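The values are calculated or read from the model by the stated rules, or taken from the named source; none is laboratory data. Bear in mind the structure is a predicted one, so any value in this text is a computation, not a measurement. Note: ideal-geometry Cβ built from the backbone for every residue, glycine included; neighbour counts use all protein chains shown. Areas reflect the complete protein model, heavy atoms only, side chains present, ligands, DNA and RNA absent. Shrake-Rupley method; radii C 1.70, N 1.55, O 1.52, S 1.80 Å.
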Amino acid sequence: MTSASTEHRSGTESVPAPEGSKHRYIGRSMKRVEDPRLLVGRGGYIADLKIPGLKHAAVYRSPVAHGRIVSVDASEALKIPGVVAVVTGEDCKAKMNPCMNFGPATIPQYPLAVDKVRYFGEAVVAVIADSRYIAEDGIDALKVEIEPLPHVVDPFAALEPDAPVLHEEHGSNLAYERTFDFGGAEEAFAEADIIVSDTLHWGRSSGTPMETTGAVARPGLNGVLEIFCNSINFTYFAFLISTALKLPSNQVTLQPVPAGGSFGTKFTAHKVPTLAGFLALQVDQPVAYIEDRLDHTMNSDHHASDRYYEARLALTADGTFTALDVDVLDDYGAYLQFGVGTHGNALSQSVGPYNIGKLKYHLRAAVTNKCQQGAYRGFGSEVQNWVLERLVDLAAKETGMRPEDIRRKNFIRPEQFPHKIPGGNLYDSGDYEAVLDETLGLVDLEHWRAEQVRLREEEGRYVGIGLVSTQERSVFSSTEFWYWFDEPGFAPTSSPESATITIDPTGQFHVVLHSQAMWGNSPETVAAMVVAEEFGTDPSTVNIRYQDSAHALPGTGPGGSRFTVMVTGAIRGAARKLQKKVIDIAAHTLEVPAEDLEIVDERVQVKGAPDVSLGLADVAGTAYFFALNLPPGVTSGLEEQFTYDHPMTTMPSADRADLGVFYPIMGHNCHIAVVEVDPDTGLLKILDYTAVHDAGTVVNPVTLGGHVVGGTAQGIGTALLEELPYGEDGTFEAISFRDYLVPTAHEVPYVKLGHVETPSPYTEFGIKGGGEGGRMATPGVLSAAIDDALKEFGMRVRELPVKPSAIVESVARARRSGLST
C-alpha cells in the first residue's frame, strides 16, 4: 500500500488481499457467506413463515386522491365464509395512537386512513380472513363511500392561498420552511465575476426490491405481541411501535426476518408491521399482511425525492467557485414521516468535493395528495449531487474549461483534510485528484473525443461524454433528523451498533448482530471477515445470528451507507474484550506474562516463540469446564459484547449557525460515461462506462463492486426510465412494470471499476461506507453525456427522468429555430 494512501485496484475478481496489505482478510475478495442458503431457497423470507392458525389480511385502498370517508358497509364481506373481521380507520382512531412520526405532530398518520383519505391508494379498510384469497374477496364485497374533496398534486399549487388543505390541524400545506445562510453567500454572489444558474426538477421514483414489505404478528400466551417483519432496522426505537399500539414496550417484540432487498425502501417501513400488529390484537389471532406489488409501489413508505430547484453557483473569472445558492421546493406527498431529514443528507455534502466556502440553502416542504416520501439509495444526497454537477457543467461551459479541468481546479486538497464545509459537517479524508486520475486512466478520453468528432462528421452519429465527481456521505448521526428545528420534541444523539461474540466450548465462533441488517448488503460476510481478521479463524466457519428487539443491544441497522463501518466497530470492540480474556486465561495456563502473548491463526502463542502456544479450543475448554484453573477474578465462559457509538459527531449550535458534525465519513467517486443518442427517436445507448470509488479501506472488493454496479443500474433507472407519475385527477399512473420501467440487462452496460483508498482517520481499519454506490453519480454523468451528444441542438437536461420524447421535442424545437439541422 502506498504511503500516500492512494492504493489502486480494479475489478472484482476473487483474489487474496492485495500484496503489501497489513490485513489478512480485510481487502480480500471473498464470496458472500450468506449466498449458499439464499441460492438454494432457504432464505426464510416473510412469506415463508408458517404459523398455526395464521390469518391473512388484504387492504382496500382509496380510489380518489382526496376525500372524506362517509361510511364503510362490511355486511356483505362478513357473510363470506372464512372472513374473520373487517377493521377500519375508526378502529385505529379509537384503539391506537398515530404511527411513529418524525415530522410535525399536526400531520399525524395511522396505518388506515382516519376521517379522510389524502392520496390515491391510501389504505382505508383491512379485511382479515383464513386466506389471502378470501380476504381479497372480502375487499371486493365492501361498500365504501368516500365524498371527493378538491385535491392538489402540484407542490407549487399546494402552497397557493386557495389550495385545498390536506391537514386541517396543521393549517396549510407548507409543512416546513427554513433558510440557512452559512458564510454570507449573497455577498459572494454580489462580487462574483460569473454566475451560472438553472431550474431543475428531480422526478419521483423508488427502489424496487424483489420482495415487498411484510409482517406477521402473533399475540403470545404470555401477553407479548410478536411481530415478524422484514423492516424496522432501528431495534432501539422498537418502542415507537408499542407506543402506537398502546402497549408497554416490554409487551412487543420485533423478530427480524431476512429482506429480499431494500435499497432504502424498508428503512423504518413502520406502517406494515404496525398494521399487522394492530390487526392481530383485534382478532387475538396471528395475522399476516404482506404487500402485493401494487400495494408496495403506491402505498409503502418509500417514494423517493420529488424536488424542484432554483440553483446558482458563483465563480471568479478564472473558474474558482466561491458560493452556492440552493432554493428547493420538496413535494413530500401527504405525510412527513421523516421530517425533512433527507435534506440533512443533502447538507452533509452540499458543496460536493469542491472548495466552496459559502452556502445558502432555502427549503420549503409541501404536502400534496401523493404517497409520502421515504428512503431510496442516497436519501436525498444523490439529488444534491445531481444539482451541483449540473451547475459545474454550466460553469465549465461558461469558462471554456474542460469538465475534468474545472473540477480539478476546485477540488479540496488532500492536505486540507479533515475539512469543514459550510454548515459545519466535516469531511474526514480524501484525495479527489487521485480518484479523477484513476478514472481517466481507465478511459481513453482523447480517443473518445476524437471518435466523437469522426462519428458526427462521417456517419452522422451523436456521441457524448459525461464526467462527474461526487460525494458519498456515510455513517449518519441522529442529529441530522432534528437540527432543522430550534426546539425539537425529541433530539437523540445516539445511532449505535452492537455485536456479541462467543467462542463456544469447542472453540467455534458465534456472532450475534443486534439490528435488522438482512437487506442483501452482506452483513454476515462483513462480520465473518472482521472476526477472521481479529482471531485468524476461517471466515466460512463463523456462525452469524440476529437478535430480536426484546434481547437486542442498541442497534440502528443499515441505511446511509453506515452498516459496514458501524458493525465493524462493534465487532472489533467485542473482539478486543474477548481477546483480553483469552490471553489472560492462556497466560495463566502457560505461566507467561499476558503482554508476551498474541493470537495468530486461532492459537495463543508467545511472541517470537510460536511453539509455546495453546489453541483457542484449549482455552475455551478451560474457560467453560475448569473454573478452578482460571485466573483470579475471571469468570467462566467466553462471550463479550460491545456497543459502538458514532465515531465522530458533535452537537449543532443553539442558533444553528453551525449544524455540527453529523455525516463525516465521506466517500467519493468519479464516473465517466460515453453515450450515443439518436436525436430522431430520443433513444440512448451507453458505449462506455467507468466508475472509480473511494470507500476508504476496502473490506471486500466483490461486494463493494456489487454496490457500485447495482447503484449504477438504479441510477440509470432514475436518469432515463423510472417515474411515479400522478394524473391531474390525482390518480396514480404507474400501476405495473409496464408503466414503471426498471432497467434490465439490456440497459445496464459493463462497468469498468476502480478503487482508490484514502482511509478514514476515525473508523476501524479506515473503512468508509459504499452502499449507495453508483446512484450517487449516474444521473449526473448521463445528464452531462446527453447534453454533450446533442450540444449542437442546445440540449440541456433539466428534469429527470430524461424521456425519449423530451429529447425529440428539444431537438425538434432547435431545428425549428434554425439552431441545427
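Brief remarks follow.
- Inter-label distance for Ser197 and Ala654, nm, one decimal - labels placed 7 Å from Cα along Cα-to-Cβ: 3.7 nm
- Once exposed loop trypsin sites (Lys or Arg not before Pro) are cut out (DSSP; at most 12 other Cβ, 10 Å), longest piece of the chain: 247-606
- A value for volume of the Cα convex hull per residue in Å³ was derived from the coordinates, and within the list (i) 216; (ii) 187; (iii) 175 it appears as (iii).
- Neighbour net charge for Met566 - beta-carbon separation under 10 angstrom, K R +1, D E -1: -2
- Charged neighbours of Gly615, selected by a Cβ distance under 9 Å, balance to -1 (K, R count +1; D, E count -1).
- Greater than 22 Å apart at Cα, pairs in Lys409/Lys803; Lys79/Lys143; Lys409/Lys768: Lys409/Lys803; Lys409/Lys768
- Listed residue pairs exceeding 23 Å between alpha carbons, taken from Lys31/Lys752; Lys266/Lys752; Lys50/Lys93; Lys50/Lys246; Lys95/Lys271: Lys266/Lys752; Lys50/Lys93; Lys50/Lys246
- Using the 1.4 Å probe convention, the accessible area of the stretch 27-152 works out to 46 Å² per residue with neighbouring protein chains retained.
- Among beta bridges from DSSP that stay inside the stretch 320-479, the antiparallel ones total about 25%.
- Cα-based reach from Lys360 at 18 Å (exclusive), listing lysines while leaving out same-chain residues under 8 positions away: Lys420
- The mean accessible area for residues of the stretch 418-513, using a 1.4 Å probe and ignoring ligands and nucleic acids, is 33 Å² per residue.
- Spatial separation of Cα centroids for the stretch 137-156 and the stretch 407-464, in angstrom: 49 Å
- For the stretch 486-519, backbone nitrogen atoms closer than 18 Å to the point 7 Å from Glu639 Cα along Cα-to-C-beta are found at 498-515.
- Two-site FRET efficiency, Arg815 against Glu457, from Cβ-Cβ distance with R₀ of 25 Å, rounded to 0.05: 0.85
- 16 Å Cα-Cα reach of Lys370 towards aspartates and glutamates, excluding residues that sit fewer than 8 places from it in its own chain: Glu122, Asp154, Asp295, Asp301, Asp306, Asp330, Asp331, Glu723, Glu728, Asp729, Glu733
- Here the calculated FRET efficiency for Glu168 and Asn222, from their Cβ-Cβ distance with R0 = 60 Å, stands at 0.90, rounded to the nearest 0.05.
- Gained length - Asp618 relative to Val592, 0.36 nm times residue gap less alpha-carbon distance: 7.7 nm
- Note on Asp678 and Phe626: the model spin-label points, each 7 Å out from Cα along the C-beta direction, lie 7.8 nm apart.
- What the stretch 661-777 shows is 30 Å² of accessible area per residue, with the surface traced by a 1.4 Å probe over protein heavy atoms.
- Efficiency of FRET from Cβ geometry, Ala491 and Arg178, R₀ 22 Å, rounded to 0.05: 0.85
- Shown for the stretch 143-292: the carbon plus sulfur share of the solvent-accessible area, taken with all protein chains present and a 1.4 angstrom probe, equals 53%.
- Anchor Lys685: aspartates and glutamates whose Cα lies under 18 Å away (excluding residues fewer than 8 positions away in-chain): Glu451, Glu459, Glu676, Glu722, Glu747, Asp787, Asp788
- Over the chain: helical MRE at 222 nm, DSSP H runs n ≥ 4 each giving -39500 (n - 2.57), nearest 500: -8000 deg cm²/dmol
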